[in-house]
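The block underneath contains the structure these notes are about, expressed in structure tokens.
The values are calculated or read from the model by the stated rules, or taken from the named source; none is laboratory data. All of these numbers come straight from a predicted model, not from anything done at the bench. Virtual Cβ from ideal backbone geometry, glycine too; neighbours counted across all protein chains shown.
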Amino acid sequence: MPEITYAEAIRSALWEEMKRDERVFIIGEDIGRYGGAFGVTTGMLDEFGDKRIIETPISEPSIIGAAVGAALLGMRPVAEIMFMDFVLLSLDQIGNQAAKMHYMFGGKATVPLVVRMPSGSGTGAAAQHSQSLETLLMHLPGLKVVTPSTPYEAKGLLRTAIHDLNPVCFIEHKLLYKTKGEVPEGDYQIPFGVADIKRAGKDLTIVANGIMVHKALAVANRLADEGIDVEIIDPRTLVPLDTEAIINSVSKTGKLLIVHEACETAGWAGEIMAVVSSSRAFDYLDAPMRRLTGKNVPIPYNRVLERAAVPQEEDIEREIRAIVKGVY
Amino acid sequence: METEKNQEPFLNRAERLKLSKDELREMYKTLCTIRQFELMADKLYALGKVHGTMHLSAGQEAVAVGIRHATRLDDYLINHHRGHGHFISKNADINLMMAEFLGKEAGYCKGRGGSMHIADFSSNNLGANGIVGGGIPHSLGVGLALQMQKRDQICIAIFGDGASNEGVFHETLNMAGLWKLPILFVCENNKYGMSMAVERVSAKLPIAQRAEAYDIPWHYIDGNDLLTVIETVGSAADYIRSGNGPVFVEAQTYRYFGHSKSDRNLYRSKDEIETWRLTKDPILRFKNNLLENEVFKAEELVVCEEEAVKIIESAVEFAEASADPDAATVTEYVYA
Ligand SMILES: Cc1ncc(C[n+]2csc(CCOP(=O)(O)OP(=O)(O)O)c2C)c(N)n1
């Protein structure tokens, strides 16, 4: 299998879907000659022209609004919001409009649209360009929320997103764009609501998404030498959530650590804990469930502070050791 | 549409605008200081000393210096992401700016904000914004508060051409026009919002004519001509301060560097950039006027230029010698 980057994987999903289906088009800021802020749509303007790669003024609410309207007429818009932070400008169109139409109109309207959005810290872009707001979107019934962690998943999940009949928020961690991974040639999709076991283990379950999957894996591989055997579950889609996979894993290991970059308060780690504590896995728990998350702060500019604001490998290692030893 | 042009001889204009020799010299030095700051920022970035992003205003200096000169130092400033020039013009402490740029605890925002969020509330500088258009509606509240507090300052709201396509821009203009608030809107039209030329994103130009829909007087000027900026903004500020309501100024200018740290300039030609640099540069034009009219000798201006370089070099020394914030303080300042 060829190795490609996460950005290339996303591009190839977009490319193939646009070739396959004339209804698919992309709308967003600076996505043409510039190729988008992270270069994801590079070269697509030349291939598909400006009727299908639609560059807009800086008007985020109306980018999503336009996508909603087109989706209602049977098109398959893929909107790009340059940084996830700017979703806060479009929240009415995403949350009050796109998310609710199918239900509110008695199942008669469908809004098949994808909103792509780069999330996360690590680039020194500070408080208004570094957020992880997936919980906000998860809280709105009607939206699906996807957070791919590898090129393979980025491509397979994006194809599924474009085929889905619902509004899908597709969250790309910006530090992952340049990471490489194997991606099969040709057609494949990854179904929503199916978690992936990124590493099998018997001592402790880690549920992590996006970039945290990689950090957790690195730590788990190191700790394996010491005989600590960590299982890592990547939910891949937060809505719908594969609760069975998590319940099964925790029933096996008896220990749970959830790791996400998003802030702690009301973050989705709490949701996972609620799922586990109200399931049969509760009986198997032999340690308190723990979460390691971004701190409840806006992301700071300075590199030292920025690192301190979100979980790092050493934090994950510390948590794992604490849980395994039973000392917190 | 052509910008408003002024054919009047330089010296007549300078005299009519009551610009003293000292003021002319000071403004020249500020123009050079801004340029040097931006060149240094670019250099520090290339040297890998900057973790983060930046938006440089080289080429747009006359707008900042002109506005500052034609308004009061205690007027309120609302800035956008490309704000270094406005800060420097408003007498910011360049050491603290540079320290913020390098993310140091000694910086204006204690290293939490960076280039895009520099603010100095003690000098009525309400800060830069990373959200395009995000600061524009704050001007309404500043205007209302100034009226309620019966103060005679005005609010200067700076933003780019691209920001004029955000919904809040239109909402703000409507409310400002309706309530006759003391706001000077300045659109720095540097021809592009990131990669998008204004013509590709605006149904009708100039942008300033949009103000008409909201009953706000407007001007479309050559923002690279310092005296034009001073004249237009000066009369606008008088009009606003006298209680007549807002004015909208669109200043045509040009940015030399790419949009932010990463930009291969694919959306414009090298020729275009060179033409602006060589024939319309705001500093060069002002300098030529000063020399041709024998206001200063060349050596006098060289002194200003050297001073500017020194100011920036010592700011870098200060910033580099300053400490990073302590990681343990990461949760401070979330709440007051
Ligand atoms: C709400 C929002 N949308 C998009 C961006 C990304 N962005 C940053 S600056 C910029 C261009 C702004 O253009 P303009 O207002 O003309 O200012 P200029 O950069 O040209 O000075 C864009 C698209 C942003 N920061 N905020």
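Observations on the structure shown:
- Test: residue in the stretch A:233-243 that is surrounded by fewer than 20 Cβ atoms within 10 Å (Cβ to Cβ) and within 23 Å of the chain's Cα centre (by Cα): yes
- Candidates are the residues of the stretch B:173-196 that are more than 16 Å from B:Ser260 (Cα to Cα) and within 10 Å of the ligand (Cβ to nearest atom); the one that is surrounded by the fewest Cβ atoms within 10 Å (Cβ to Cβ) is B:Glu188.
- Residues in the stretch B:239-260 that are among the polar types (S, T, N, Q) and more than 14 Å from chain A (Cβ to nearest Cβ) were compared, and the one that is nearest to the ligand (Cβ to nearest atom) is B:Thr253.
- For A:Ala98, the test of being under 13 Å from A:Ile31 (Cα atoms), of a type in the set (Gly, Ala, Ser) and more than 14 Å from chain B (Cβ to nearest Cβ) is failed.
- Test: residue in the stretch A:100-114 that is under 17 Å from the mean Cα position of the chain (by Cα), within 16 Å of the ligand (Cβ to nearest atom) and not assigned by TED's automatic domain parsing to the domain that holds A:Ala208: no
Yes or no, residue by residue, for (1) within 16 Å of the ligand (Cβ to nearest atom); (2) at pLDDT 95 or above; (3) out of contact with any Lys or Arg (no Cβ under 7 Å at 6 or more places or on another chain):
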| residue | (1), (2), (3) |
| --- | --- |
| B:Lys5 | no, no, yes |
| B:Leu17 | no, yes, yes |
| B:Glu23 | no, yes, yes |
| B:Asp74 | no, yes, yes |
| B:His86 | yes, yes, yes |
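Matching residues to (1) surrounded by 22 or more Cβ atoms within 10 Å (Cβ to Cβ); (2) within 19 Å of the chain's Cα centre (by Cα); (3) not aliphatic (A, V, I, L, M):
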position	(1), (2), (3)
B:Arg25	no, no, yes
B:Phe37	yes, yes, yes
B:Ala46	no, no, no
B:Gln60	yes, yes, yes
B:Gly66	yes, yes, yes
B:Ile88	yes, yes, no
B:Met98	yes, yes, no
B:Glu105	no, no, yes
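- Among the residues making up the stretch A:4-37, those that are more than 16 Å from the ligand (Cβ to nearest atom) and free of Cβ contacts under 8 Å to residues at least 12 places away in the same chain are A:Lys19, A:Arg20, A:Glu22.
- Of all residues in the stretch B:291-308 being crowded, with 16+ Cβ neighbours inside 10 Å and under 24 Å from the mean Cα position of the chain (by Cα), the one that is nearest to the other protein chains (Cβ to nearest Cβ): B:Ala308
- Under the condition of being within 12 Å of chain B (Cβ to nearest Cβ), in a loop (DSSP other than H, G, I, E, B) and more than 24 Å from A:Tyr6 (Cβ to Cβ), the residues counted in the stretch A:25-68 number 5.
- The residues of the stretch B:148-172 that are crowded, with 24+ Cβ neighbours inside 10 Å, of a type in the set (A, V, I, L, M) and more than 10 Å from the ligand (Cβ to nearest atom), listed by number, are B:Ile154, B:Ile156, B:Ala157.
- Matching residues, the stretch B:188-221, being within 14 Å of another protein chain (Cβ to nearest Cβ), of a type in the set (A, V, I, L, M) and in contact (Cβ under 8 Å) with a residue 60 or more places away in the chain: B:Met194, B:Met196, B:Ala197, B:Leu205
- So B:Ser57, is it closer than 19 Å to B:Leu184 by Cβ and away from the ligand (no atom under 14 Å from the Cβ): no
- Yes/no for A:Ile323 being away from every other protein chain (no Cβ under 14 Å), part of a strand (DSSP E or B), farther than 30 Å from B:Pro325 by Cα and at pLDDT 95 or above: no
- Which listed residue, of B:Asp152, B:Asp120, B:Asp161, is touching a Phe, Trp or Tyr at 6+ places or on another chain (Cβ under 6 Å), more than 8 Å from chain A (Cβ to nearest Cβ) and among the acidic types (Asp, Glu): B:Asp120
- Selection from the stretch A:69-96 of residues that are more than 21 Å from the chain's Cα centre (by Cα) and surrounded by 20 or more Cβ atoms within 10 Å (Cβ to Cβ): A:Ala70, A:Ala71
- Qualifying positions in the stretch A:232-265 - of a type in the set (A, V, I, L, M, F, W, C) and assigned to a strand (DSSP E or B): A:Ile232, A:Ile233, A:Leu238, A:Val239, A:Leu256, A:Leu257, A:Ile258, A:Val259, A:Ala262, A:Cys263
- Residues satisfying the stated conditions in the stretch A:286-318, i.e. of a type in the set (Asp, Glu) and farther than 13 Å from A:Glu264 by Cβ: A:Asp286, A:Glu306, A:Glu313, A:Glu314, A:Glu317
- Single residue of A:Ala281, A:Ala308 found to be surrounded by 18 or more Cβ atoms within 10 Å (Cβ to Cβ), within 11 Å of another protein chain (Cβ to nearest Cβ), in contact with a helix residue (DSSP H, G or I) (Cβ under 8 Å, 6 or more places away or on another chain) and part of a helix (DSSP H, G or I): A:Ala308
Results for (1) away from the ligand (no atom under 16 Å from the Cβ); (2) in contact with a Phe, Trp or Tyr (Cβ under 6 Å, 6 or more places away or on another chain); (3) within 14 Å of another protein chain (Cβ to nearest Cβ), shown as yes or no for each residue.
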site	(1), (2), (3)
B:Phe101	yes, no, yes
B:Lys104	yes, no, yes
B:Gly113	no, yes, yes
B:Met116	no, no, yes
B:Gly134	no, no, yes
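- Scanning the stretch A:69-95 for residues that are within 15 Å of the ligand (Cβ to nearest atom) and in a helix (DSSP H, G or I) yields A:Met84, A:Asp85, A:Phe86, A:Val87, A:Leu88, A:Leu91, A:Asp92, A:Gln93, A:Ile94.
- Condition met for B:Gly223 (touching a helix residue (DSSP H, G or I) at 6+ places or on another chain (Cβ under 7 Å), farther than 26 Å from B:Pro9 by Cα, buried (at least 19 other Cβ atoms within 10 Å of the Cβ) and small (Gly, Ala, Ser)): no
- Residues satisfying the stated conditions in the stretch B:229-268, i.e. free of Cβ contacts under 8 Å to residues at least 60 places away in the same chain and among the hydroxyl-bearing types (Ser, Thr, Tyr): B:Ser235, B:Tyr239, B:Ser242, B:Ser262
- Given (1) basic (Lys, Arg); (2) surrounded by 23 or more Cβ atoms within 10 Å (Cβ to Cβ); (3) over 25 Å from A:Ile58 (Cβ atoms), number of the condition A:Lys100 does not satisfy: (2)
- Taken together, A:Ser119, A:Ser132 contain a single residue that is under 30 Å from B:Lys49 (Cβ atoms), away from every other protein chain (no Cβ under 13 Å) and more than 16 Å from the ligand (Cβ to nearest atom), which is A:Ser132.
- Test: residue in the stretch B:269-286 that is assigned to a loop (DSSP other than H, G, I, E, B) and more than 14 Å from chain A (Cβ to nearest Cβ): yes
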